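First up is the structure itself, then whatever we jot down about it.
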Amino acid sequence: MTSDVRRTAENIWWKRGIVYQVYPRSFQDTNADGVGDLEGIRRRLDYLAWLQVDAIWISPIYPSPMKDFGYDVADYCGVDPIFGMLSDFDRLIAEAHTRGLKLILDFVPNHTSDKHPWFVESRASRDNPKRDWYIWRDPKSDGSPPNNWVSNFGGPAWTLDETTGQYYYHAFLREQPDLNWRNPAVREAMYNVLRFWLDRGVDGFRVDVIWHLIKDAAMRDNPPNLGWTVGQREIGRLLQVNSADQPEIHEVVAEMRRVLDEYDERVLIGEIYLPIERLVTYYGDDLSGAHLPFNFALIQAPWKADAIAKLVDEYERALPQGGWPNWVLGNHDQSRIATRIGEAQARVAAMLLLTLRGTPTMYYGDEIGLQNVPIPPERVQDPWEKNEPGLGLGRDPCRTPMQWTADRNAGFSDGEPWLPLGADHESCNVETLRNDPRSILTLYRRLVALRREHLALSIGDYVPGRVEDDLFRFERRYGATRLIIVLNFGHEAAAVPLPAPARILLSTILDQDGDKIEGALSLRPDEGLILSV
Ligand code: GLC
Ligand code: CA
């Protein structure tokens with residue numbers, strides 16, 4: 001990196017900063033209906049400022065029938081009453097900005113709710129002016145759906161509309177009809193939605209399933225996935241080669257980006273589940289696309305030193321010139337990291353996330369080591385779990401309420417929470433853990449602070465890693481600063497030679513600050529260290 005590029009990166013908040021995802025239903029309830037709200041997020045801003053994150057991304061807050069908990073939008077320019085009103089939003093953003101926190105909204109352009117007025121019109125008749133805003137096709141001659149595409153939540157991706165005798169396409173629920181992004185009128189309307197929120201001061205968008213927006217023009221069948229077996233999620237039965245990731249998508253992403261570029265320093269983040277070599281195409285030609293195509297590689301890789309080292313190097317190599325990296329450990333669709341890799345390794349993961357080169361996105365609750373919470377069958381909310389029960393696809397376990405205190409309902413709500421709390425909430429909560437010098441919350445806070453203190457950790461160079469058995473070692477450098485990160489992915493003690501004498505800046509076990517090390521460095525089981533040389 002030249003020093004010019006460095007100088008810019010230092011000043012761009014979304015390169016230097018840390019994003020924190022809030023699932024609004026589960027952050028803080030203030031009116032005892034058991035569901036989190038905007039006022040709740042506002043009341044917790046001091047916590048986020050204490051944690052020293054830079055930006056909050058809030059999952060959808062728009063008016064919605066909540067079939068997919070807000071990812072079925074009935075009005076893109078409003079706030080659902082369950083979350084509050086537009087005035088609550090304005091107050092939230094103003095107070096976030098006062099504390100130096102940026103606010104990122106979730107933009108859901110692939111589909112609307114079937115209750116959105118556009119779809120209500122579209123389905124009214126074949127010649128309605130909004131007909132072509134969605135994807136309508138005639139049945140095949142035998143009356144069956146136009147092609148073999150499957151819904152991401154299982155079952156058919158086409159629903160027959162009896163009144164007009166055509167099928168409409170929905171990549172997700174039947175209550176989430178896909179918009180037709182080949183129609184310029186749809187694009188214009190949606191870009192105006194972006195402007196509506198940008199004018200209100202939002203600092204950027206996380207764009208839902210952005211790689212899905214454009215489908216094959218001829219809507220050809222998807223080929224079978226020969227690796228699929230019965231008992232796996234149904235969407236895996238076919239390879240999604242015609243239903244997503246089409247070449248024309250990049251034109252759409254570049255257009256969205258141009259809308260953001262009408263404003264100062266706003267960020268475009270894309271949700272994209274694709275292999276690394278496909279993912280990086282979403283930076284666009286000459287970086288005209290998304291600033292941060294979400295990189296979910298850490299979620300998908302086996303939690304082993306060699307696998308992680310390999311993917312970090314692959315990703316670094318695949319990035320386009322000037323493309324800024326980013327990393328994610330979890331989100332509202334994935335298993336909690338603490339459950340997936342265990343409590344001890346969750347600390348190693350925290351150190352990895354906050355020391356890699358690239359913008360980290362944290363998922364609320366991970367900083368207190370929140371686990372997947374088992375959901376009794378009668379309390380299941382997630383439509384995916386309901387469609388394909390028993391396969392472990394349900395996302396409720398990772399969406400449970402934030403645990404703030406040891407009090408009733410963990411300080412989340414005065415009413416019955418919409419999803420159960422973790423059984424451990426009397427010990428696993430912010431209030432208890434922030435006073436414990438060895439807690440995972442203390443570790444997160446120290447990691448965040450260290451990342452803010454050392455440019456080497458945020459925007460410094462990444463020096464490719466070395467793996468020895470369970471140890472992954474890499475370096476970050478900036479100017480004269482040289483930091484070594486060594487992570488023990490194993491449950492046994494291990495040692496590595498050190499290239500030079502070093503001082504421990506932070507151990508995931510939080511007890512060895514300042515120790516000087518020469519020659520060999522020993523790590524305890526599940527320990528990660530940051531050292532300065
Ligand atoms: C994205 C969201 C997920 C939602 C889906 C449909 O993957 O993250 O929660 O169900 O899109 O909008
Ligand atoms: Ca509420």
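The values are calculated or read from the model by the stated rules, or taken from the named source; none is laboratory data. In this text, all values refer to a predicted model and were calculated from it rather than measured experimentally. Every residue, glycine among them, receives a Cβ derived from its backbone with ideal geometry; neighbour counts consider all protein chains shown. For the accessible areas, the whole protein counts, side chains as well, though only heavy atoms, and no ligand, DNA or RNA atoms are used. Shrake-Rupley method; radii C 1.70, N 1.55, O 1.52, S 1.80 Å.
Things to note:
- Within region 52-65, tally of residues that are surrounded by fewer than 19 Cβ atoms within 10 Å (Cβ to Cβ) and within 16 Å of ligand 1 (Cβ to nearest atom): 1
- Once region 25-75 is narrowed to residues that are of a type in the set (A, V, I, L, M) and within 16 Å of ligand 2 (Cβ to nearest atom), the residue that is farthest from the chain's Cα centre (by Cα) is 32.
- Residues of region 15-40 that turn out to be open to solvent by less than 10 Å² (accessible area, probe 1.4 Å), in contact with a strand residue (DSSP E or B) (Cβ under 9 Å, 6 or more places away or on another chain) and either β-branched (Val, Ile, Thr) or closer than 30 Å to residue 324 by Cβ (or both), as a count: 10
- For residue 86, the conditions (1) of a type outside the set (D, E, K, R); (2) within 16 Å of ligand 2 (Cβ to nearest atom); (3) more than 18 Å from residue 331 (Cβ to Cβ) are fulfilled apart from (2).
- Test: residue 49 is open to solvent by 10 Å² or more (accessible area, probe 1.4 Å), under 30 Å from residue 322 (Cα atoms), out of contact with any strand residue (DSSP E or B) (no Cβ under 7 Å at 6 or more places or on another chain) and modelled with pLDDT of 95 or more: yes
- Scanning region 160-175 for residues that are open to solvent by 10 Å² or more (accessible area, probe 1.4 Å) and within 16 Å of ligand 1 (Cβ to nearest atom) turns up 172, 173, 174, 175.
- Any chance residue 393 is open to solvent by 10 Å² or more (accessible area, probe 1.4 Å) and out of contact with any strand residue (DSSP E or B) (no Cβ under 7 Å at 6 or more places or on another chain): yes
- Among the residues of region 383-394, those identified as in contact (Cβ under 8 Å) with a residue 40 or more places away in the chain and part of a loop (DSSP other than H, G, I, E, B) are 388, 391, 393.
- Within the set 401, 377, the sole residue that is surrounded by fewer than 23 Cβ atoms within 10 Å (Cβ to Cβ) and either farther than 25 Å from residue 491 by Cα or at pLDDT 95 or above (or both) turns out to be 377.
- Some residue of region 119-134 being hydroxyl-bearing (Ser, Thr, Tyr), in contact with a Pro (Cβ under 7 Å, 6 or more places away or on another chain), at pLDDT 95 or above and more than 14 Å from ligand 1 (Cβ to nearest atom): yes
- Just one of the numbered conditions (1) surrounded by 14 or more Cβ atoms within 10 Å (Cβ to Cβ); (2) outside the structural domain of residue 314 (by TED's automatic domain parsing); (3) at pLDDT 95 or above is not true of residue 442: (2).
- Of all residues in region 309-348 being β-branched (Val, Ile, Thr) and under 19 Å from the mean Cα position of the chain (by Cα), the one that is surrounded by the most Cβ atoms within 10 Å (Cβ to Cβ): 337
- Close pairs (9 angstrom Cβ cut-off, 6 or more residues apart or separate chains): in contact (Cβ under 8 Å) with a residue 24 or more places away in the chain and more than 16 Å from ligand 2 (Cβ to nearest atom) in region 332-354, open to solvent by 20 Å² or more (accessible area, probe 1.4 Å) and of a type in the set (Ser, Thr, Tyr) anywhere: 346/339
- Among residues of region 11-24 being among the β-branched types (Val, Ile, Thr) and either farther than 26 Å from residue 446 by Cβ or in contact with a helix residue (DSSP H, G or I) (Cβ under 8 Å, 6 or more places away or on another chain) (or both), the one that is farthest from ligand 2 (Cβ to nearest atom) is 18.
- Check on residue 483, at pLDDT 95 or above, crowded, with 20+ Cβ neighbours inside 10 Å, touching a Lys or Arg at 6+ places or on another chain (Cβ under 7 Å) and assigned by TED's automatic domain parsing to the domain that holds residue 349: no
- Hits in region 206-252 (condition: part of a strand (DSSP E or B) and either in contact (Cβ under 8 Å) with a residue 40 or more places away in the chain or buried (at least 19 other Cβ atoms within 10 Å of the Cβ) (or both)): 206, 207, 232, 238
- Some residue of region 517-533 being open to solvent by 10 Å² or more (accessible area, probe 1.4 Å), farther than 22 Å from residue 353 by Cα and in contact with a Ser or Thr (Cβ under 6 Å, 6 or more places away or on another chain): no
- Within region 269-308, tally of residues that are more than 16 Å from ligand 1 (Cβ to nearest atom), more than 26 Å from residue 463 (Cα to Cα) and surrounded by 18 or more Cβ atoms within 10 Å (Cβ to Cβ): 1
- Residues satisfying the stated conditions in region 89-110, i.e. within 16 Å of ligand 2 (Cβ to nearest atom) and either under 22 Å from the mean Cα position of the chain (by Cα) or not assigned by TED's automatic domain parsing to the domain that holds residue 257 (or both): 89, 92
- If the condition is being in contact (Cβ under 8 Å) with a residue 40 or more places away in the chain and under 19 Å from residue 41 (Cα atoms), then region 95-115 contributes 95, 96, 97, 99, 100, 101, 102, 103, 104, 105, 106, 107.
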